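Student: One structure, as structure tokens, below. Some questions next.
All of the numbers you see were taken from the coordinates with simple rules; none came from a lab. No experiment lies behind these values; they were computed from the predicted model shown. Cβ sites come from the backbone with ideal geometry, for glycine too, and all protein chains shown count toward neighbours.
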Amino acid sequence: MASPCRKMASRSLIQFMACFGRTAAGNSVFRQFSGSPVCRATLQTNMLTERPSSPWSLTAAVCLQRLPVISADSSPIEQQVTTMMQQMELEKSLLADHELRLLEDAERMSRKQAADYDSDEEDDHRHQETVLAQDLEDSWEQKLKSFQPAPRVRGDVDKDLTSVERCLADSLVLLSKQQVGGSEMWLLPQTQWQEGETLRQTAERALASLPGASFKATFLGNAPCGVYKYKLPKAVRTEGSIGTKVFFFKAVLSDSGPSAAPNAPFLWVKKSELQRYLKPAYMMKVDRFILSL
């Protein structure tokens, strides 16, 4: 019984080694074949030619904001806190040079009015013209009366939506009139992406290509802050062109340049005014990253 079992075991081992050898040989042949330069180049060429192009066209838009120029009006609670802080600082502060001079002048006048006043005490100051602190305050008061501060609310300028100087206490967003399909729409400045440039470069080009404008902006990073996707109408939709993806980039206005023409195709609007010009779906995406500073 032992010899038949030994023969079967040796036969199985021989068959296993033969199969393993054929498999290893086949793998080595495959490695040599696949490792040849001609085959690798052929495979890469086939992958490039067979790679499908994206049915979505890419567009970059810039959300350009003009930050507030003057401080906003304080609420009643803010005014109360400001008054309290000023009173605390006044109580803890030291006397200024002008306040010390007022005290010295008051002390000198009280000595002059005293019965035992000795005029020899003022001999050192007779050859100099004495200017009292009160005289300085009177001159400062006259200058203050002649000063006229600029108005915070300017009706003619605030109504001009093309002026970058409107609503100085609010943050404004730039909108431009864009041709989309067969109609014109108010959108954030945008343009089509071109091969070889980054999306931020596309957004910068969209801002620089605005007609009649020379804005200088500081972009806040290289990554988009939002994306909006829309499909083309079914009548013009094809298998290779389904719709457009718009990537938004944030920027802050650093220099507005010369004033734009009254009929310029762009507007400066507050966040509360955006819904008058933007479509609801577009407005929902834009509203997420526009801050009311």
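Student: Give me the distance between the Cα centres of segment 176-252 and segment 59-104, rounded to whole Å.
Tutor: About 41 Å separates the Cα centre of segment 176-252 from the one of segment 59-104.
Student: With an 8 Å Cα cut-off and a minimum separation of 6 or more residues, compute the relative contact order for segment 169-293 in percent. Don't skip to the end; give the middle numbers.
Tutor: Working: 164 pairs, mean separation 39.9, N = 125.
32 percent.
Student: His98 versus Lys229, label points 7 Å from Cα toward the beta carbon: distance in nm?
Tutor: Here the answer is 6.4 nm between the modelled labels.
Student: May I ask you to list the GluC sites (Glu not before Pro) in segment 147-236 that are in a DSSP loop and have at most 13 other Cβ atoms within 10 Å of their Cβ?
Tutor: Details: sites: Glu165, Glu184, Glu195, Glu197, Glu204; in loops: Glu165, Glu195, Glu197.
Counting only loop positions with at most 13 other Cβ atoms within 10 Å, the GluC sites (Glu not before Pro) in segment 147-236 are Glu195, Glu197.
Student: Amide H neighbours of Cys225 under 5 Å, counting only residues 5+ apart in sequence or on other chains, H built in-plane at 1.01 Å?
Tutor: Close amide H contacts, sequence-distant or interchain: Phe248, Phe249, Lys250.
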